[in-house]
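Undergrad: Pasting a structure below so you can have a look.
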Amino acid sequence: MKIATWNVNSIKARLENAVSWFREAKPDIACLQELKCEDSAFPTAAFEDLGYHCLVHGQKTYNGVAILSRMQPEDVRRGLPGDETDSQARYLEAVFSIPSGVVRVASLYLPNGNPVGTEKFAYKLAWMNRFENHVRHLLKLEEPCVLAGDYNVIPEARDARNPEAWLGDALYQPESRSKFRDLINLGLSDAIRQIHGDEAGLYTFWDYQAGAWQRNNGIRIDHLLLSPQAADLLADAQIMRDVRAQDRPSDHVPVMISIK
DNA sequence: ATGACATATGAGATATGA
């Protein structure tokens with residue numbers, strides 16, 4: 001059972017690239033972020049042709065998340081609870097039947113938060129607080145749960161090629177990293193770390209600018225956090241970095257796990 | 001280095017991203 005997360009940076013601009021990746025990687029469930037389109041503009045037919053159900057929570061121009069799956073989604077939740085005034089499409093959750101039982105999967109696009117010191121950074125921290133509250137609720141269910149997405153947080157220095165360059169950035173602020181650790185301390189497992197230990201040089205994002213890819217100036221900000229019941233099932237986790245070298249790539253690459 | 005690069009909107013220049 002393969003579950004992936006990928007910030008595509010516009011599904012319409014990435015369609016050819018994405019279809020090619022789905023054909024080769026064959027994920028059973030794929031969480032996508034930064035669709036940058038409304039539900040009605042999502043290229044549903046292209047993915048249905050590949051055998052996927054398309055669960056889409058879109059928004060014009062910005063944000064937008066989706067879960068594409070071989071199985072029918074059930075018990076769907078659109079949007080992160082905790083603030084009825086928040087209209088940004090950054091959270092989508094559903095339950096899927098799998099051979100070993102069920103798995104709950106969330107596709108999330110955590111706010112970037114730059115520049116630090118503005119209301120954008122306050123929104124990021126508030127969103128992380130709301131997310132933590134929701135995770136507390138999910139953990140009480142005691143079921144396999146995979147929280148996958150673009151967290152926009154560099155957890156540790158080893159998760160950046162040049163950590164000192166990110167000191168003033170919202171992705172590497174002490175508050176952002178502390179809130180991320182709070183999630184881990186609730187009992188969630190970072191799938192890449194569970195499989196790869198303290199290995200350095202594991203990145204999921206390379207900026208389009210200044211030859212970041214060519215210089216391997218990357219950061220690890222796309223994560224799959226697992227409930228204890230999902231962590232027990234984890235068999236593998238890989239960053240698909242070759243995707244960054246393709247024509248017209250997203251600045252993020254897919255991360256895919258395999259669970260029993 | 002208030003940059004670079006990519007995308008959406010909309011038809012030029014601006015907002016956003018990380």
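Read-outs throughout are calculated quantities, based only on the coordinates presented, and are distinct from any laboratory measurement. Please read all numbers here as calculations on a predicted model, not as lab measurements. For neighbour counting, all protein chains shown are included, and Cβ atoms are generated from backbone atoms with ideal geometry for every residue, glycine included.
Undergrad: Suppose we filter A:187, A:168, A:201 for residues that are outside any strand (DSSP E or B), away from DNA strand B (no atom under 16 Å from the Cβ) and over 27 Å from residue A:24 (Cβ atoms); which single one remains? Lay out the reasoning, then the answer.
TA: On the way: A:168 fails: away from DNA strand B (no atom under 16 Å from the Cβ); A:201 fails: over 27 Å from residue A:24 (Cβ atoms).
Answer to the selection: A:187.
Undergrad: Residue check: is residue A:259 surrounded by 22 or more Cβ atoms within 10 Å (Cβ to Cβ) and under 25 Å from residue A:18 (Cα atoms)? Steps first, answer last, please.
TA: Numbers: surrounded by 22 or more Cβ atoms within 10 Å (Cβ to Cβ): yes; under 25 Å from residue A:18 (Cα atoms): yes.
It is true that residue A:259 is surrounded by 22 or more Cβ atoms within 10 Å (Cβ to Cβ) and under 25 Å from residue A:18 (Cα atoms).
Undergrad: Filter segment A:66-82 for residues that are more than 19 Å from the chain's Cα centre (by Cα) and either hydrophobic (A, V, I, L, M, F, W, C) or surrounded by fewer than 13 Cβ atoms within 10 Å (Cβ to Cβ) (or both) and give the result. I'd like the intermediate steps shown before the answer.
TA: Kept after step one, since they are more than 19 Å from the chain's Cα centre (by Cα), are these residues of segment A:66-82: A:71-72, A:74-75, A:82.
Passing the criteria: A:71, A:72, A:74, A:75.
Undergrad: Restricting attention to segment A:23-31, does a residue exist that is within 15 Å of DNA strand B (Cβ to nearest atom) and not polar (S, T, N, Q)?
TA: Of all residues in segment A:23-31, those within 15 Å of DNA strand B (Cβ to nearest atom) come to A:31.
Retained after the next criterion (residues that are not polar (S, T, N, Q)): A:31.
Looking through segment A:23-31, at least one residue is within 15 Å of DNA strand B (Cβ to nearest atom) and not polar (S, T, N, Q).
Undergrad: Of these, A:221, A:259, A:184, which one is under 26 Å from residue A:129 (Cα atoms), of a type outside the set (Ser, Thr, Tyr) and either touching a helix residue (DSSP H, G or I) at 6+ places or on another chain (Cβ under 6 Å) or touching a residue at least 60 places away in the same chain (Cβ under 8 Å) (or both)?
TA: Numbers: A:259 fails: under 26 Å from residue A:129 (Cα atoms); A:184 fails: either touching a helix residue (DSSP H, G or I) at 6+ places or on another chain (Cβ under 6 Å) or touching a residue at least 60 places away in the same chain (Cβ under 8 Å) (or both).
Of A:221, A:259, A:184, the one residue that is under 26 Å from residue A:129 (Cα atoms), of a type outside the set (Ser, Thr, Tyr) and either touching a helix residue (DSSP H, G or I) at 6+ places or on another chain (Cβ under 6 Å) or touching a residue at least 60 places away in the same chain (Cβ under 8 Å) (or both) is A:221.
Undergrad: So how many residues does segment A:137-157 have that are more than 16 Å from DNA strand B (Cβ to nearest atom) and either surrounded by 15 or more Cβ atoms within 10 Å (Cβ to Cβ) or assigned to a loop (DSSP other than H, G, I, E, B) (or both)? Walk me through how you get there before you give the answer.
TA: Of the residues in segment A:137-157, the ones more than 16 Å from DNA strand B (Cβ to nearest atom) are A:137-147.
Retained after the next criterion (residues that are either surrounded by 15 or more Cβ atoms within 10 Å (Cβ to Cβ) or assigned to a loop (DSSP other than H, G, I, E, B) (or both)): A:138-139, A:141-147.
Counting residues in segment A:137-157 that are more than 16 Å from DNA strand B (Cβ to nearest atom) and either surrounded by 15 or more Cβ atoms within 10 Å (Cβ to Cβ) or assigned to a loop (DSSP other than H, G, I, E, B) (or both) gives 9.
Undergrad: List the number of the failed condition for residue A:120; all other conditions in (1) within 16 Å of DNA strand B (Cβ to nearest atom); (2) in contact with a Ser or Thr (Cβ under 8 Å, 6 or more places away or on another chain) hold.
TA: Residue A:120 satisfies all of (1) within 16 Å of DNA strand B (Cβ to nearest atom); (2) in contact with a Ser or Thr (Cβ under 8 Å, 6 or more places away or on another chain) except (2).
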